[in-house]
Amino acid sequence: MFNPANRTVLLLALCQTLAMTGSTILFITSALIGQSIASDKSLVTLPLALLQIATMIGTIPASLLMQRIGRQKGFMLGVLLGLAGAGLGLYAIVSRQFFLYCIATIVFGSFNSFVGFYRFAAAEATSEANRSQAISYVIAGGVIAAVAGPQLANWAKDWLPNATFAGSVGILILLQIAAFMLLTGVKLPRPERSEQQKGRPIGKIMRQPVFMVAAVGSMLGYGVMAFVMTATPLAMVAANHPFHDAANVMQWHVLGMFAPSFFTGSLIARFGVLQMMATGAVLSLLCIAINLIQNDLLSFSIALTLLGIGWNFLYIGSTTLLTQAYQPEEKAKTQAAHDFLMFAFVATVTLLAGSVFEHQGWSAVNWGGVPMMLLVLAAVYWLKRQPLKQV
């Protein structure tokens, strides 16, 4: 039966769709934009790294701000930041100012700090038994992004003469306007008085095995995905694949990231969160193995699809696991600490991806992901041997 909570999840899923469509466009085009306007080609992934750094830095203030003013107002403020970043990015490409484009991605990354909390808002709008499904449905909004993002990036890249990909970034402006309109219809409760209480110290919360494994799963799962994905367009162009092939591969990758979300929550309920996280790590290792063996179009497509599915299982699994680590009055600081750690690691590996690819090659990028996934498997095995209990 349809109820207000379902409507809230639906609107949040649509907002997530728009946000991920924009992020997909940036992930596909930013390294190539950098390659066209940066004088130092080893810095081509710097804009994406700065985006992740800005997201990382913004997670804590975004979470604490929403604890005070509410989720809806916080999300709307974030969209306005995204609008400003998109406009600045468009101007930077047209004027061929790499430094200014880096600033634009920083501003857009600040918007992403708020986007990361859509999944938590959905979980809070439903019962405890339906948390994993609500999280999955919001993340499933990225399915449309998987199709729309690459197609929009390719369709709009030549809109402006002598400014390749400026049109692609211009699409982000329209996406932000649409998201703002959707958010006016989202009804989320104001923070309760109990949520203003301090709860346990964050250090004590972070020392819990359940928090540590959730953080390891999300940090490394997201990290290996960003590391390999960021370098993929560069590797494909270097292997003489045209841009539209790279866009299609990224489309399959993003589809792999989000399409499983329609059933990931049910799989977690059936097989357990730790089993799904382990499966995600194994799928990411399969991606790496394929990338190390072949670099034809079909191999890129299969590998990046597996990488996306692996990320999905690890990301949703880690988010679900994290909800067991805090009490209501502790959620803001716990969620902020978790996402801060996650995006800090993602920013680091994103920055390294361009340099590693430029100086050591595609194989080195992939080998770098192996110890990450082995550590996830070790962490999951360790937690299985711990007395796991709800807070």
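The values are calculated or read from the model by the stated rules, or taken from the named source; none is laboratory data. This is a predicted model, so every value here is computed, not measured. Positions of Cβ are backbone-derived with ideal geometry, glycine not excepted, and every protein chain shown enters the neighbour counts. These area figures cover heavy atoms from the full protein model, side chains too; ligands, DNA and RNA do not enter into them. Shrake-Rupley method; radii C 1.70, N 1.55, O 1.52, S 1.80 Å.
A few remarks follow.
- Simple point charges give the picture: +1 on the Cβ of Lys and Arg, -1 on the Cβ of Asp and Glu, and for the range 36-140 a dipole about the Cα centre of about 100 debye.
- Helix 46-69 and the longest principal axis of the C-alpha atoms of the chain enclose an angle of approximately 30°.
- Listed residues Glu330, Glu358, Glu124 arranged by accessible area, highest first, probe 1.4 Å: Glu358, Glu124, Glu330
- Taking 7 Å steps out from each Cα toward its Cβ at Lys198 and Phe263 produces label points 4.8 nm apart.
- Loop trypsin sites (Lys or Arg not before Pro), the range 285-391, which have at most 16 other Cβ atoms in a 10 Å radius of their Cβ (DSSP): Arg385, Lys389
- Accessible area ranking (1.4 Å probe, heavy atoms, ligands and nucleic acids excluded), largest first, for Met373, Met56: Met56, Met373.
- Using a cut-off of 28 Å between Cα atoms, the listed pairs Lys73/Lys204; Lys204/Lys384; Lys187/Lys331 include Lys73/Lys204 as exceeding that distance.
- Expressed as a whole percent, the accessible area of the chain that falls on carbon and sulfur atoms is 66 (1.4 Å probe).
- Helix 166-183 axis, angle to the chain major axis (alpha carbon atoms, nearest 10°): 20
- Using Cβ point charges alone (K and R +1, D and E -1), the dipole size of the chain about the Cα centre works out to roughly 1220 debye.
- Note that the chain presents 39 Å² accessible area per residue, ligands and nucleic acids not counted, probe 1.4 Å.
- Cβ-Cβ FRET estimate between Val370 and Phe271, R0 fixed at 35 Å, reported to 0.05: 0.90
- Against the chain, whose longest principal axis is taken from its Cα atoms, helix 209-238 shows a tilt of about 10°.
- Packing, as the average of other Cβ atoms within 10 Å across residues, places the peptides 207-213, 237-243, 31-37, 345-351 in the order 345-351, 31-37, 207-213, 237-243, highest first.
- (1) 70, 39, 35; (2) 53, 48, 40; (3) 55, 43, 40, with the label sought being that of the calculated Cα extents along the principal axes in Å: (3)
- For the range 128-229, the set of GluC sites (Glu not before Pro) satisfying both a DSSP loop assignment and a count of at most 12 other C-beta atoms within 10 Å is given as Glu192.
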